[in-house]
Each structure stands twice: as structure tokens, then as C-alpha cells.
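**Q** After the C-alpha cells below, expect a handful of questions from me.
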Amino acid sequence: VLVNNLVLVQGLGICPTIKLSANAGRSAALGGLVGLGMVAATAVTWPIDHFLLEPYELEYYRILAFVPLVCLVGYLIVKFVHKLIPGFCMGVGCLNSLLMTNCAVVGIALINVQKDYTYLQAVLGAVGGGIGFAFVMILFAGMRHRIDHTKGIPQIFQGIPIYLIAAAMLAIVLTGFSTVAVGIFA
């Protein structure tokens, strides 16, 4: 969740984090949906890799197999959310970009099979990745609120540039935290 965070340490999913972290409540909901997408994508892709790609030595087709599957899973989650909560994220198309084309969702599925995790380890890794993604979304929503209400930021740095600088600082903090954690538990 913290030490090996997908967004800040591994660089997966920074675009939707910056684009869609408007407030903490919405960020928590969207982060939860991405977590659900990560778990669902892992639950679908792991068996395909383990029972179809690996036995026939077709591991190099992982990305070609996983991307359409993740898009399908994301599409089904988007349809389910629109049926359950009709007005949620309507008009922005944020759920489509968040679930169907998010590199963090595909990334966690690929990471889990490349590390040769068992099914349970892969699903729990996806749960941890989803919690980490939601954590960063909520944290970044607070940072973005503070940045947007700060006077004195030069015009050239306002908007995306200052958000990227803030994300880089947050990544440095988490990297430092991971170094301390490794030192404590080693």
C-alpha cells in the first residue's frame, strides 16, 4: 500500500490521479472503483495466464490477452455502476478512462503474474494495490485543494505543472518511507 505504491513508487496511474482527484469523497469512491477493477482484472487474468498462456509457453502474449480482458472487465463495472448509481460520474466519461484504460489496472495484473504469485496472493496484491491507489487519490485530493487555494504560485507553474511537482514530492516521501521500513524489518 505504501512501500510499493503503484501510483507514486511504480508510476502507474498518475494521470487519473491528477485529473480526477477533485475532492476527497469523490476520490475515495473512484479509488474504490479502481480497486474493484484491479481485483476483478486480476481474478480474470491470472487463471488465463496460469492455465492457458504458461502451459503452452505463450507468456509473451500476456499484454495482448490482458488489455482486452481488462477493458471488458472495466466496461462491465462501468455498466454496473451506471445501473446502480445512474448520475455517478455522468458526462465526464471518467469511469471509462478510469477503469478501461488505466495502466494501473493492467499493471497490477501483469505484476502479479510476472512475480509468479498464487491466485490468493495475486488477488490480495490487487486489493493492496487498490487500497494504495485510493489512498493516493484521497491524499492528492487534499494536496490539490491546498495547492488550488494557495496564492503566490507563479503563473507558469499553475495547474498540471504544480500537481506533478506535488506528486513527485509525495513519491519522494513514500520512497523514503520504504527505505526506513526496509531498514526496520531487515
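The values are calculated or read from the model by the stated rules, or taken from the named source; none is laboratory data. Just so it is clear, the model here is predicted, and its values are computed rather than measured. Every residue, glycine among them, receives a Cβ derived from its backbone with ideal geometry; neighbour counts consider all protein chains shown. Ligands, DNA and RNA are stripped out before the accessible areas are found, and what is left, the full protein with its side chains, is counted by its heavy atoms. Shrake-Rupley method; radii C 1.70, N 1.55, O 1.52, S 1.80 Å.
**Q** Helix 103-114 against the longest principal axis of the chain: what's the angle in degrees, Cα atoms only, rounded to the nearest 10?
**A** Its long axis makes an angle of about 40 degrees.
**Q** For the chain, report the accessible area per residue in Å² (1.4 Å probe, heavy atoms, rounded to an integer).
**A** Normalised by residue count, the accessible surface of the chain is 54 Å².
**Q** Can you give the longest run of the chain that contains no chymotrypsin sites (Phe, Trp or Tyr not before Pro) sitting in a DSSP loop with at most 16 other Cβ atoms inside 10 Å?
**A** Longest stretch, sites excluded: 89-186.
**Q** Can you run phi through the Karplus equation (6.51, -1.76, 1.60; θ = phi - 60°) for the stretch 155-162 and list ³J(HN,Hα) in whole Hz, with x for Gly and Pro?
**A** 3, 5, 9, 5, x, 4, x, 6
**Q** Against the longest alpha carbon principal axis of the chain, how many degrees, from 0 to 90 and to the nearest 10, is the axis of helix 24-48 turned?
**A** 20 degrees
**Q** Taking the structure as given and computing semi-axes √(5λ) of the Cα gyration tensor in Å, which label from [x] 30, 22, 13; [y] 23, 19, 17; [z] 48, 15, 12 fits?
**A** [x]
**Q** Give me the extension gain from Ile153 to Leu120: residue separation times 0.36 nm, minus the current Cα-Cα distance, reported in nm with one decimal.
**A** Extra length from Ile153 to Leu120 when fully extended: 7.2 nm.
**Q** Using a Förster distance of 35 angstrom, determine the FRET efficiency expected from the C-beta separation of Ile165 and Leu58, and round it to 0.05.
**A** It comes out at approximately 0.25.
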